[in-house]
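This report concerns only the one structure given below.
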Amino acid sequence: MFLHCKGLPRIGTTKHDQRITLRELAKRVGVSTSTASRALNQNAAISEEVRKRVVRAAQEANYIPNSLARGLALRRSHLIGLVVPSISNPFFAEIARGAHEAAYERGYVVTLCDTQRNKAREDLFVQTLLRSGVDGVIVTGGVLSPEHIQGLRQHKLPVVFAGRRSTGTGESGVSVDNIAAGHEATVYLIGKGHREILYLSGAAESLASRDRQRGYEDAMEAHGLTISVVHGDYSMESGFEEASRIAALAHPPSAVFAANDMLAIGLILGLVNLGIKVPQDLAVVGCDDMPMGALIRPALTTVHVPMYDIGVRATQLLLNSMEGENSGLAESILLESKLVIRDSAG
């Protein structure tokens, strides 16, 4: 479960709390200490019946694992802030899912801040994260200014980027090579015989969209073709609206590379609504490989981005930094992207 940033209670203890040890917990259930430990850590070797008994007893006894007890002594909250521009975008929802799972595996909880690309919300969420005592922050998309990032660093909070490259401020990050992704998609369309290819960009502040545009431009320039860019906002509605504008151009393109699948899917729906055939009249390629792309007709050709894995790896990087398990140097991890060929580009 995700917690939204609206002020989170701090974990604390009182002199009246009655804590028991793992050994005492195991004795209550009638199992060995090692069995109780494995049950609490979801070890597959432990039967479901035993696991439930141990968990129930732990809840009833208000048992705190040693790792959490150490966290309380060190004034750790075991909370991680995750800042996204829009949780309604499946790209960020998948990153959030990966972050949640990786955090859970190590005893942390993710608190989600959905900024809607609104500066006032970003200001509020940064202050709320600081007041809530989170142990670290994961930043996705084009959110949080360099000033916000610097403010978090001044409060000794580790920051990791997910799905976007670092802005040069020393933070670690996990993403794919978006320049290469844009280049590969464009080269594929050129290879299909297209010469008038339009790039439908995402939000102007999105580093990923700008990098994908750079890859598109590099491919077009290498083949001596004219660059044409239209700005969208990463939403399906934006893609749908662009369909009529593109169709009305005096010299419409023969193909479109969209900065993400939401734009591409909206564009295809808009084109079909206008009676324009995809890919016969206009070829379309997206980027991200969201599940919906495989379900529409024609199925969307796209560049696969491992969104869930980005969330997992970014969280692991953050936790390693928080717990002193890395070198202390910023790391930049690029996961593999690949073209997924379906029907929308012929």
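The values are calculated or read from the model by the stated rules, or taken from the named source; none is laboratory data. These numbers come from a predicted model, not from an experiment. Please note: Cβ atoms are built from the backbone with ideal geometry, for glycine as well, and neighbour counts cover all protein chains shown.
Before moving on, here are some points about what is shown:
- Any hit, segment 294-308, residues being modelled with pLDDT of 95 or more and closer than 23 Å to Leu79 by Cα: yes
- Selection status of Val134, among the hydrophobic types (A, V, I, L, M, F, W, C) and in a strand (DSSP E or B): no
- Scope segment 271-293; condition out of contact with any Ser or Thr (no Cβ under 6 Å at 6 or more places or on another chain) and aliphatic (A, V, I, L, M); matching residues: Leu271, Val272, Leu274, Ile276, Leu282, Ala283, Met290, Met292
- No other residue among Gln42, Gln59 is at pLDDT 80 or above and exposed (fewer than 12 other Cβ atoms within 10 Å of the Cβ) apart from Gln59.
- If the condition is being crowded, with 17+ Cβ neighbours inside 10 Å and in a loop (DSSP other than H, G, I, E, B), then segment 45-56 contributes only Ile46.
- The residue that is surrounded by the fewest Cβ atoms within 10 Å (Cβ to Cβ), counting only those in segment 137-162 that are of a type in the set (S, T, N, Q) and either at positive phi or in a helix (DSSP H, G or I) (or both), is Gln154.
- Residue count, segment 93-131 (criterion: in contact (Cβ under 8 Å) with a residue 24 or more places away in the chain and part of a loop (DSSP other than H, G, I, E, B)): 6
- Consider segment 168-206 and keep the residues that are touching a strand residue (DSSP E or B) at 6+ places or on another chain (Cβ under 8 Å) and polar (S, T, N, Q). The one that is farthest from Gly81 (Cα to Cα) is Thr186.
- Residue check, Ser67 at pLDDT below 75, of a type in the set (Ser, Thr, Tyr) and either at negative phi or not in a loop (DSSP other than H, G, I, E, B) (or both): yes
- Arg165 meets the conditions (1) among the charged types (D, E, K, R); (2) free of Cβ contacts under 8 Å to residues at least 60 places away in the same chain; (3) part of a loop (DSSP other than H, G, I, E, B) in every case but one. The failed one is (2).
- Close pairs (8 angstrom Cβ cut-off, 6 or more residues apart or separate chains): assigned by TED's automatic domain parsing to the domain that holds Gly107 and aliphatic (A, V, I, L, M) in segment 29-43, assigned to a loop (DSSP other than H, G, I, E, B) and at pLDDT 85 or above anywhere: none
- Top-ranked residue in segment 82-132 [being surrounded by fewer than 16 Cβ atoms within 10 Å (Cβ to Cβ) and among the small types (Gly, Ala, Ser); ranked as farthest from Arg38 (Cα to Cα)]: Ala120
- Contact map, segment 142-158: residues that are assigned by TED's automatic domain parsing to the domain that holds Lys119 paired with residues that are surrounded by fewer than 15 Cβ atoms within 10 Å (Cβ to Cβ) and part of a loop (DSSP other than H, G, I, E, B), Cβ distance under 6 Å, separation 6+ or inter-chain. Pairs shown: Gly142/Glu205; Ile149/Thr169.
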